[in-house]
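Let me begin by presenting the structure, written as structure tokens, before commenting on it.
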Amino acid sequence: MLQKLETERLEINPCTADSMHLLQNQQYDNGPEIDRHLQELLEDPSLFSWGSWLIIRKSDGHIIGDAGFKGKPDDQQQVEIGYGLLERYWNRGYATEAMNALIEWALANEKVEKVIAETDRENQASIRVLEKVKMKRTKEIDSLVYWEIQ
């Protein structure tokens, strides 16, 4: 059962082996997370939807970034979320739109009570996105800022 999330401008799909064709066609490379997720998914199919999701712009079908979770909900019923957009798509509200959809999806799951995130203190763009999606700062340790939403 493939779930996908839709927002006004985006389609957000869990990344699976079936996504490889699209990833290769668009020569999408935004770091090692997707490859790592696909390998983990092969070993543990229950990770489906608890890893990388592709952020696809509806207007042209382009993958503009990826986002998702760093594993299944833990014993405290929390999941960590992360995201990265290709630089040419920054500052257009896409990250906020995608994060809102993923947070809403996660919090609708009975196994999740809290979504957490971390970002570098110097990363003002990411901090702004986390503030826009109503996450609250919980602590700062060294160069990292920690966030949550319930």
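The values are calculated or read from the model by the stated rules, or taken from the named source; none is laboratory data. Remember, predicted model here, so these are calculated numbers, not experimental data. Note: ideal-geometry Cβ built from the backbone for every residue, glycine included; neighbour counts use all protein chains shown. For the accessible areas, the whole protein counts, side chains as well, though only heavy atoms, and no ligand, DNA or RNA atoms are used. Shrake-Rupley method; radii C 1.70, N 1.55, O 1.52, S 1.80 Å.
Observations, loosely collected:
- Positions within the range 37-60 being open to solvent by 20 Å² or more (accessible area, probe 1.4 Å), assigned to a helix (DSSP H, G or I) and of a type outside the set (Asp, Glu), in sequence order: 38, 39, 41, 42, 45, 46, 47
- Checked against the criterion of being buried (at least 18 other Cβ atoms within 10 Å of the Cβ) and either free of Cβ contacts under 8 Å to residues at least 40 places away in the same chain or among the charged types (D, E, K, R) (or both), the candidates 34, 63 yield just one match: 34.
- Each residue in the range 123-150 was checked for being surrounded by 17 or more Cβ atoms within 10 Å (Cβ to Cβ) and among the basic types (Lys, Arg), and 0 pass.
- Search result, residues across the range 12-27 that are open to solvent by less than 50 Å² (accessible area, probe 1.4 Å) and either free of Cβ contacts under 8 Å to residues at least 40 places away in the same chain or not in a loop (DSSP other than H, G, I, E, B) (or both): 12, 13, 14, 16, 19, 23
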